[in-house]
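Every read-out reported here was derived from the displayed coordinates using simple, explicitly stated rules and does not represent laboratory data. Small disclaimer: the values here were computed from a predicted structure and weren't measured. Cβ atoms come from the backbone with ideal geometry, glycine included; neighbour counts cover every protein chain shown.
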């Protein structure tokens, strides 16, 4: 699969950033998004387009939050990048405040 145009990636990252902030009820100023093109990945024994997403957040994400985010983000990725929703894994991780650093300190 060809790497998407940078404008498509930038639009997707901005959209995901805003939506993640909204889903988590956190200021977008604390949200970071990234895109790593040209990573060789297989899924279900094939090299068809695939996407792996990590979402880490300080605090506890509820099952209903992760379900809603999974639906929302898989749809966006499918629409913008053409990766089928059934070829997208999202890993949700709750982080402890003392284990997350920023600006020379932690959130503890």
Residue identified as touching a helix residue (DSSP H, G or I) at 6+ places or on another chain (Cβ under 6 Å) and either closer than 28 Å to residue 106 by Cα or outside any helix (DSSP H, G or I) (or both) among 33, 3, 66, 93: 33
Within segment 64-83, tally of residues that are loosely packed, with under 14 Cβ neighbours inside 10 Å and without any contact (Cβ under 8 Å) to a residue 40 or more places away in the chain: 5
Which one of 98, 21 is surrounded by 12 or more Cβ atoms within 10 Å (Cβ to Cβ) and more than 22 Å from residue 6 (Cβ to Cβ)? 21
